[in-house]
Amino acid sequence: MAIKDDAEQLIKDLRNKIDELIEKAKNASGDVREEMEDTIEKLKKQRDKLEEKMDDFRIKNEPKIEEAKHHLKNALDEISKAFEKMFRKGPSAEEKKD
């Protein structure tokens, strides 16, 4: 699922950026370090909210996704049967009985 992968990559990138800021803040002086630490805390809160929303989305939509997969598989099976029937030659072109 591309959206899931994109969201997970976004969170991973955000974590990496926060880690970079933490390292930079260690080398900063007084007021600059304090400002950076405030920014880091705000970013961590935003990241946590994003992770929570992503988890909620996943929990709410997982059953729907599984149901859609089931329906898509059934449709694919039907299309495959129709395809086989269409390209069979001679008397065997009649539908097989299961």
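Throughout, read-outs are computed from the coordinates displayed, never taken from laboratory work. Quantities reported herein were computed from a predicted structural model and do not represent experimental measurements. We place every Cβ from the backbone using ideal geometry, glycine too, and count neighbours over all the protein chains shown.
To the nearest 0.05, what FRET efficiency results for GLU41 and LYS69 with a Förster distance of 41 Å applied to their C-beta separation? Intermediate results must be reported in sequence, preceding the final value.
Values: r = 40 Å, r/R0 = 0.98.
Working from the Cβ atoms, E equals 0.55.
Computed from Cα positions, the angle between helix 2-27 and the longest principal axis of the chain comes to roughly 20 degrees. Treating each Cα of segment 2-84 as an identical point scatterer and summing with the Debye formula, the log10 of I(q)/I(0) at q = 0.23 Å⁻¹ comes to -1.03. Placing +1 on the Cβ of every Lys and Arg and -1 on the Cβ of every Asp and Glu, with no other charges, gives the chain a dipole of roughly 620 debye about its Cα centre. Comparing mean-square fluctuations of LEU76, LEU43, LEU14 from a GNM of the chain with C-alpha springs under 10 Å, the top value falls on LEU76.
Computed from Cα atoms, the angle from the helix 30-87 axis to the main principal axis of the chain rounds to 0 degrees.
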